[in-house]
Amino acid sequence: MGVLWFLFVILAAGKALELTNQQYHQMPQLFQLDDYEKCLANRRGAYCLGSFDLAASPNNSLFNVIQKFSEERYSFNHTRIHRGYCVSSRCSDVDEVSLNRKFVKCVKNIIRKDYGLDAKLSTLDYCKTSKTPPSRPIDGLDIAFIYFCGVILLMNVIGTIYDFARNPDHEPNRYLLAWSLAKSWKLLTNSYENGDPRLTSFNPINGMKAISMFNVILAHSSIAFHMSYLQNPQFLENITRHPLTTLLHNGSVIVQTFIMLSSFLLAYNLLINGEKDPKKGLNLRSLPRLLFNRIARITPLNVFMVGFTATWWRHMSDGPLWKPLVEAECARCRDKWWAHFLYINNFIEPDKKCLIQTWFLAVDMQLYVLAGFLTLALGRSPRRAIKVLSWLFVCAVVANFIIAYNWNLKAILFLTNPELLRHQYAGEPSFNLLYMAPWGSLPSSLIGLIAAFLLYYWQQVNFKPEESLIIRILYRCSVPSIFIWILSGYFVNNTSSPFVLAAYAALDRPVFCLITVVAMLGFINKVDSLWWQFLSWNGWRPISRMSLPVLLVHWSYNLTQIAVRTNLTRSSIFEIDGHYFVTVFMTYVTSLPLHLLIELPMMQFYKALFS
């Protein structure tokens, strides 16, 4: 990852910018942050944080430069400056009784004196003194969450003690055994227990999921840096302009891998299980049970993470950005927790993001219902299913084109500018109505279904794809084509044609998934041994199985590292890489006990209840 960032910076250095360094630094500093801890350590210390809009007369040359530069797609909005001041020391000469008015007047005076511009308060995040009581007292919801965690921990202790103390010659109590930590560890580390060679051939999927999750964390680490108070925002503005950064701008399409795999694994498992009893196994009456199984697997950990975010996360630390970042996210989770538990948080107040990454769980659940219905309805005739699903896929792509064209929606590639990233795409219709919407990911889900039926049909007719010249050629081209397709977004990056924008919005995800499916089918059928051995490494298995807690946990570490910094954040190759690696390490360290103590025991307990 560090090498990739290094290439970005070196190559970006050769491209002329809109402003020289001298001109850039003549503008008011975008972010200023006084030492938070030092300020409030003084018994008379007072600290304020807020944002201000710059203004000036029409003929002010500096302000005209600021406006023009801010209109650049790859620039932060420099007409809005962000200040965190130790008012008690920096603004001691301002004669105001009210702390809020003193802060505002102080910023106005400094901007007018240094730049000849006016500053109008846009947002006041907070003003506090060393004597200000905590704005986050422990309440009943916090206590309720502690009791919830206590019950979970107690059940694991009881189950583990029972597992070690029980007589192995007697029939075990399934309900208690489900909570055994030793059994959960075996489920995490063991291979597929049924020994079905068709499922064993899916080992490369573990590597695909693990590597994809690493890239998701990298993308969110970049977003977190954009949300910080930066010492050198010019670094992010510069590297964003280079073609190679398209790998990051357009790389979010990799999330579609999980949508595709979810439908693929669902359909394929239903098909092979239906062999035992086709009438019972592939019947629409099984859909409610199928859906309930999915909810029972995902919901306990989802409830835990949303509950933790809404309660104890806000108590864990402090810093100048803690209130606008962490406490604000906690408040949003308290407001719309119910939408997360019903998996409709992508529709309910989408601009109020509680754990931004959980849009995926909502979309995945919504498409899981459709994928289950289509598999059960079409599963008895794989050839017919492939034809029907292919037509549905074409219709879904066309529908997304019409939606994008009529409502002027764009692919995520065109939305990854610093200011939108800073605000987590708040108020952006394309993000809410296409990126987070189930219809935007529907083609990927259908591709997963088609791949499952196609693989199952090949096995039924004893077709060997590794012996087909065409398939071998497509497979050899697939892995490099994944990167080529992501990078190809650079060539349409600056287009303004509504038709091209809508076409790219409709085709970006489906084309990526089609290429990925070709690669995946090649991995599964062992067209070559190189990728098979790499992606089938046993170490990927536990990492892959922890994907759900990793997805839910990593954003908290991304945001916490930014929120606890008491001074300006310097952005560079090493800082971003360091932030990323700390996030990865801490995420997996945390995800392991969550997977062993909550996710796996709840799954096994559910099976014991309803098997």
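If packing is taken as the average number of other Cβ atoms within 10 Å across a peptide's residues, how do 111-122, 419-430, 231-242 rank, most packed first?
231-242, 419-430, 111-122
How much of the DSSP beta bridge set in the chain is antiparallel, as a percent to the nearest 5?
Of all bridge pairs located within the chain, approximately 80 percent are antiparallel.
So how do 206-218, 40-52 stack up, highest first, on mean other-Cβ count within 10 Å?
206-218, 40-52
Can you list residues whose amide H is under 5 Å from residue 569's amide H, if they're 5+ apart or on another chain and H is modeled 1.01 Å from N?
Residues meeting the amide H criterion: 229, 230, 231.
Which whole-Hz couplings ³J(HN,Hα) result when phi for each residue of the stretch 487-498 is put into the Karplus expression 6.51 cos²θ - 1.76 cosθ + 1.60, θ = phi - 60°, listed in order with x for Gly and Pro?
Coupling constants for the stretch 487-498: 5, 5, x, 4, 6, 10, 4, 9, 6, 10, 5, x Hz.
So who's got an amide H within less than 5 Å of the one on residue 122, skipping anything under 5 residues away but keeping other chains? H placed 1.01 Å off N, in plane.
51, 52, 53
About its Cα centre, how strong a charge dipole does the chain have in debye, to the nearest 20, once Lys and Arg get +1 and Asp and Glu get -1 at the Cβ?
780 debye
Give the shape of the stretch 377-493 as rounded, prolate or oblate, defined through the alpha-carbon gyration tensor: a ≥ b ≥ c are the square roots of its eigenvalues, a/c under 1.5 means rounded, and otherwise the shape is prolate if a/b is larger than b/c and oblate if not. Could the numbers behind the result be given before it?
Values: a/c = 3.06, a/b = 1.69, b/c = 1.81.
Oblate is the answer for the stretch 377-493, as a/c is 1.5 or above yet b/c matches or exceeds a/b.
Rank 213, 230, 173 by how far each Cα sits towards the positive end of the charge dipole of the stretch 133-230 (+1 on Lys, Arg Cβ; -1 on Asp, Glu Cβ) and give me just the farthest.
The residue sitting most towards the positive pole is 230.
About the Cα centre of the stretch 324-422, how large is the charge dipole given +1 on each Lys and Arg Cβ and -1 on each Asp and Glu Cβ? Please answer in debye to the nearest 20.
Charge dipole of the stretch 324-422: 540 debye, to the nearest 20.
5 Å is the cut-off here: which amide hydrogens, built 1.01 Å from N in the peptide plane, fall below it relative to residue 35, excluding neighbours closer than 5 in sequence?
Under 5 Å from the amide H of residue 35: no residue qualifies.
When the Karplus curve 6.51 cos²θ - 1.76 cosθ + 1.60 is applied with θ = phi - 60°, which whole-Hz ³J(HN,Hα) does each residue of the stretch 213-229 get, with x for Gly and Pro?
Using θ = phi - 60°, the values come out as 5, 4, 6, 4, 5, 4, 4, 6, 5, 5, 4, 4, 5, 5, 8, 7, 8 Hz.
Could you tell me what % of all Cα pairs in the chain have separations over 49 Å? Could the numbers behind the result be given before it?
Working: 32401 of 186355 pairs.
Pairs farther apart than 49 Å: 17 percent.
Considering only 400, 264, 484, whose Cα is most displaced toward the positive end of the charge dipole of the chain, charges sitting on Cβ of Lys, Arg (+1) and Asp, Glu (-1)?
Most positive-ward Cα: 264.
Using mean Cβ contacts within 10 Å as the protection proxy, how do 161-169, 374-382 order, highest first?
Values: 161-169: 11.0, 374-382: 18.7.
Highest mean packing first, the order is 374-382, 161-169.
From the phi of every residue in the stretch 431-439, what ³J(HN,Hα) in whole Hz does the Karplus formula 6.51 cos²θ - 1.76 cosθ + 1.60 yield, where θ is phi - 60° and glycine or proline is x?
Along the stretch 431-439, the couplings run 6, 7, 9, 10, 5, 8, 8, x, 5 Hz.
Hey, what D do you get for the stretch 437-583 in µm²/s if you plug the Kirkwood alpha-carbon radius into Stokes-Einstein at 25 °C and 0.890 mPa s? Walk me through the numbers before you get to the answer.
Details: Rh = 19.0 Å.
Diffusion coefficient, whole number: 129 µm²/s.
Which net charge results for the neighbourhood of residue 180, defined as the other residues with beta-carbon distances under 13 angstrom from its beta-carbon, given Lys and Arg at +1 and Asp and Glu at -1?
Charge balance near residue 180 sits at +3.
Under the rule that a partner needs its Cβ under 4.7 Å from the first Cβ, which Cys of the chain have none?
149, 330, 395, 477, 513
By how many nm would the segment from residue 496 to residue 344 lengthen if fully extended, with 0.36 nm per residue of separation less the alpha-carbon distance?
51.4 nm
Share of the chain's accessible area from carbon and sulfur, percent, 1.4 Å?
Accessible surface attributable to carbon and sulfur in the chain totals 62 percent.
Kindly identify the stretch 154-233 as rounded, prolate or oblate by the Cα gyration tensor criterion: order the square roots of the eigenvalues as a ≥ b ≥ c, call it rounded if a/c is under 1.5, otherwise compare a/b with b/c, prolate if a/b is larger, else oblate.
It comes out oblate by the Cα gyration axes.
Run the dipole for the stretch 24-141 about the Cα centre, Lys and Arg Cβ at +1, Asp and Glu Cβ at -1, nothing else charged, and hand back the magnitude in debye, nearest 20.
It works out to roughly 260 debye.
Quick check: from the Cα gyration tensor, does the stretch 112-158 come out rounded (a/c under 1.5), prolate or oblate?
Taking the square roots of the gyration eigenvalues as a ≥ b ≥ c, the stretch 112-158 is prolate.
The values are calculated or read from the model by the stated rules, or taken from the named source; none is laboratory data. The shown structure was predicted, so the numbers you read here are calculated from the model rather than taken from an experiment. Note that we place each Cβ from the backbone using ideal geometry, even for glycine, and neighbour counts take in every protein chain shown. Only protein heavy atoms, including side chains, enter the accessible area calculation; ligands, DNA and RNA are left aside. Shrake-Rupley method; radii C 1.70, N 1.55, O 1.52, S 1.80 Å.
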